[in-house]
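Q: Please read through the structure below; I'll follow up with questions.
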Amino acid sequence: MSAPDEGRDTAGSGPADDTQTAGSPGAQPERVVPISVLVRILDLDTLDCGPVPSTSTSTQRDIFRGSNLREGTFLPTRVFGGQLIGQALVAASRTVPASQPVHSLHCSFLRPGSPAAPFLYLVDRTRDGSSFATRQVTAQQHGEVVFRMTCSFHAPEARAFSHSVAMPADVPHPEDLPTQTSRLRQATSNPALPAHVRSALVQRAELPFPLDFRQVVRPPSTYAADTPASTRTCAWFKAPMMLPDDPALHRCVAAYGSDLALLETALVPHRRPGHKGRLTSHMASLDHSMWFHAPFRADEWLLMEMESPAASGGTGLATGRLWNSRGVLVASVAQEGLIRPRPTAKL
């Protein structure tokens, strides 16, 4: 998702160098970005590593450069917020030993990011302890700070309390759900759609998706006419092809994907039967947090259950939980964002 003041529309494994397609038999092939592209976007260039000025509380600063996804971005006019989260986490992870995986991250989106220029990621090594490490990451573009992240790394402890909530049992299997592109193409066939909405959906459907994303969509009949709908929504996602056996990379891919549909959950209670077009004039992430609970692979299906406990004053809050296909709770996420209603939206 983008930084404030940017409008937006609500929206098997194999060799790493091949393109995988997905979709129902007989349907148009799904346009999926080759996983090598997603890996490249998370493969940062190391520019510098050395001491920082004496006024800093950190002892060392590392600088990395992140490129934009030029081959098949699905947000052509601005940078997807998940890209900033994923790249910043890659930068921070490169400064800590593999024995200390990330366990939490907290992000702030400060300005819109442009796809026309790379980002510089400055990592401050704030603290290195025997079991915890803390990093602060600043993303800059055109000399301005567009994004900040604080993340904490922790060596897992063998003797520890352990519990987690169960995975929802009423969610369809991902292979039984339409792909995101298939859903968009189907939506364009609705004759009641305004022309500008249909045009936007057609353009979106023709752009590839870096992840295989399958959303569980509620039928319109479940939206009551006069009462708010349940805010619970679910989606499955995974990398479309096999990833390298690097646990840090799998966490970065999951962080990238955690931003795909979370904020839209805050709009679910405000949809009504017969609704046409967009509800919002501006929709953008303000902050994003994520906690990692257990190891997982991001090239295997992850179920994300989302809900929105509150929205008011122009912002909405959404929370989510991620399970792997074996029912293990692997991560939790929370996001607050700007959701400004269109002048014609019924409130």
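Q: From the list 137, 146, 123, 171, exactly one residue is closer than 27 Å to residue 232 by Cβ and in contact with a Phe, Trp or Tyr (Cβ under 9 Å, 6 or more places away or on another chain). Which is it?
A: Sole residue among the options that is closer than 27 Å to residue 232 by Cβ and in contact with a Phe, Trp or Tyr (Cβ under 9 Å, 6 or more places away or on another chain): 171.
Rundown of residues vs (1) surrounded by 14 or more Cβ atoms within 10 Å (Cβ to Cβ); (2) at pLDDT 90 or above; (3) in contact with a strand residue (DSSP E or B) (Cβ under 6 Å, 6 or more places away or on another chain); (4) not in a helix (DSSP H, G or I), yes/no style:
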position: 2; (1), (2), (3), (4): yes, no, yes, yes
position: 57; (1), (2), (3), (4): no, no, no, yes
position: 87; (1), (2), (3), (4): yes, yes, yes, no
position: 97; (1), (2), (3), (4): no, yes, no, yes
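Q: Okay, next question. Residue 322 fails exactly one of the following numbered conditions: (1) out of contact with any Pro (no Cβ under 9 Å at 6 or more places or on another chain); (2) within 20 Å of residue 109 (Cβ to Cβ); (3) buried (at least 20 other Cβ atoms within 10 Å of the Cβ). What is the number of that condition?
A: Condition (2) is where residue 322 drops out.
Q: From the set of residues in the stretch 165-183 that are touching a Gly at 6+ places or on another chain (Cβ under 9 Å) and among the polar types (S, T, N, Q), which is farthest from residue 210 (Cα to Cα)?
A: Across the stretch 165-183, the extreme among qualifying residues is 182.
Q: Something else: Any residue in the stretch 159-169 that is surrounded by fewer than 13 Cβ atoms within 10 Å (Cβ to Cβ), under 25 Å from the mean Cα position of the chain (by Cα), part of a helix (DSSP H, G or I) and at pLDDT 85 or above?
A: No; the residues of the stretch 159-169 include none that is surrounded by fewer than 13 Cβ atoms within 10 Å (Cβ to Cβ), under 25 Å from the mean Cα position of the chain (by Cα), part of a helix (DSSP H, G or I) and at pLDDT 85 or above.
Q: Criterion first (surrounded by 12 or more Cβ atoms within 10 Å (Cβ to Cβ), hydroxyl-bearing (Ser, Thr, Tyr), in a loop (DSSP other than H, G, I, E, B) and at pLDDT below 95) does residue 114 satisfy it?
A: yes
Q: Out of curiosity, is residue 254 in contact with a Ser or Thr (Cβ under 6 Å, 6 or more places away or on another chain), modelled with pLDDT of 90 or more, surrounded by 12 or more Cβ atoms within 10 Å (Cβ to Cβ) and assigned to a helix (DSSP H, G or I)?
A: When the stated conditions are applied, residue 254 does not pass them.
Q: Could you check how many residues of the stretch 205-229 are surrounded by 14 or more Cβ atoms within 10 Å (Cβ to Cβ), modelled with pLDDT under 75 and either of a type in the set (Ser, Thr, Tyr) or not in a loop (DSSP other than H, G, I, E, B) (or both)?
A: Here is the first cut: in the stretch 205-229, the ones surrounded by 14 or more Cβ atoms within 10 Å (Cβ to Cβ) are 205, 207-216, 218, 223, 229.
When the remaining residues are screened for being modelled with pLDDT under 75, the result is 205, 207-209, 218, 223, 229.
Add one more test, that the residue is either of a type in the set (Ser, Thr, Tyr) or not in a loop (DSSP other than H, G, I, E, B) (or both), and what stays is 205, 209, 223.
Count: 3.
Q: Let me ask something else about it. Filter the stretch 117-131 down to residues that are part of a strand (DSSP E or B) and hydroxyl-bearing (Ser, Thr, Tyr) and give me whichever is surrounded by the most Cβ atoms within 10 Å (Cβ to Cβ).
A: Among them, the one singled out is 121.
Q: Checking residue 200 against (1) modelled with pLDDT under 80; (2) farther than 16 Å from residue 261 by Cβ; (3) surrounded by fewer than 17 Cβ atoms within 10 Å (Cβ to Cβ): exactly one of these is not met. Which one?
A: Going through the list (1) modelled with pLDDT under 80; (2) farther than 16 Å from residue 261 by Cβ; (3) surrounded by fewer than 17 Cβ atoms within 10 Å (Cβ to Cβ), residue 200 breaks only (3).
Q: So for the stretch 288-303 (the condition being small (Gly, Ala, Ser), part of a strand (DSSP E or B) and modelled with pLDDT under 95), does at least one residue qualify? Quick ask: steps written out before the conclusion?
A: Within the stretch 288-303, the first condition is being small (Gly, Ala, Ser), and the residues that meet it are 289, 294, 298.
Imposing the further condition that a residue be part of a strand (DSSP E or B) reduces the set to 289.
Cutting the leftovers down to modelled with pLDDT under 95 gives us none.
No - not one qualifying residue is present in the stretch 288-303.
Q: State yes or no: is residue 336 touching a Leu at 6+ places or on another chain (Cβ under 8 Å) and surrounded by 16 or more Cβ atoms within 10 Å (Cβ to Cβ)?
A: So residue 336 fits the description; yes.
The values are calculated or read from the model by the stated rules, or taken from the named source; none is laboratory data. Given the structure is predicted, the values throughout are model-derived calculations rather than measurements. Note that we place each Cβ from the backbone using ideal geometry, even for glycine, and neighbour counts take in every protein chain shown.
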